[in-house]
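Shown next, in structure tokens, is the structure this report addresses.
Just so it is clear, none of the values below were taken in a lab; they were calculated from the coordinates. The model shown is predicted, which means the values in this text are computed figures rather than measured ones. Here the Cβ positions follow ideal geometry from the backbone for every residue, glycine too, while neighbour counts run over all protein chains shown.
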Amino acid sequence: MRTNLFLLILVSYFSLTLVLKSEDIKSIGAEATANSPVAVVKKVFKDVDYRKSSQQSDWQKASVGLILNDGNEVKTGSKSLALILFTDGTGLLRVRENSILHIYGEKKQQRLDKNTFIQKGLISFDVNKLSENEEFKFTTPTVVASIRGTSGFLEYTEDSTFTMSLDSGSAHLSFLGPQGGEGILQEGNTVVITNDGNFQFRAQSPEDINKANDSKKTTIKKVIIKTQRGNIEIEYYSSEE
């Protein structure tokens, strides 16, 4: 068992009461041009929709090759999947079912600072090693995670529970509760933060590892079972690419 799974820099964090609305996130790429390409949709399966911003009420069907600009949103339905690749090639997101995320990016000289606001759902990610001044962040209503050269998954549920598990790399976490606080999560570990501010730090459990592996599966296979009453089609995700 690893010790010091999670290093708290500020330990006065007790409750998470701040609700961060996506339309209020002025620091997440707000200075970027609205039409600046940030990411591209590489794969869709079943129900995947997008819209330009929260101010737009209607969602539209997403398709492979769709360019996502600063402030665009993506939503997946039940048993659905979207693969999103950032235009600078530094990060790949696997957006699992029943998720909503907002893509933000700000170009600064020769780099693209990226921030994905996860309103709800589960995201599996692979992020390449970044330059010293380059930023890649995940934001939820309660936690901001800054990562570099990192892979794993992040889940934010409707009851405001935050879970992050890392297969490689590390993440610097900043807590948005009234008391604040910061910490570092290292590879091979998982942190769970509930809406009342309780923390659970642990080495990745078998359940965490299985969830991480399942979240990486993007190849859809189909099995047809013939019966006297007709054929039954079963679709499932495979780890084979």
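When only alpha carbons are used to place a centre, the range 88-129 and the range 160-209 end up 18 Å from one another.
Fully extending the segment from SER168 to VAL40, taken as 0.36 nm per residue of separation minus the present Cα-Cα distance, adds 43.6 nm. Overall dimensions of the range 53-178, expressed as equivalent-ellipsoid semi-axes from the Cα gyration tensor (√(5λ), whole Å, largest first), are 21, 18, 14. When each of the peptides 81-94, 114-127 is scored by the mean number of other C-beta atoms lying within 10 Å of its residues, the order from highest to lowest reads 114-127, 81-94.
Listed from fewest to most Cβ neighbours within 10 Å, the set ASP58, ASP167, ASP214 follows the order ASP58, ASP214, ASP167.
Once both labels are positioned 7 Å from their Cα atoms along Cα-to-Cβ, the gap between THR219 and ARG202 label points is 3.1 nm. Residue-wise HN-Hα couplings along the range 65-79, as the Karplus relation 6.51 cos²θ - 1.76 cosθ + 1.60 with θ = phi - 60° gives them from phi, are x, 4, 8, 9, 9, 4, x, 5, 10, 10, 9, 10, x, 4, 6 Hz; Gly and Pro carry x.
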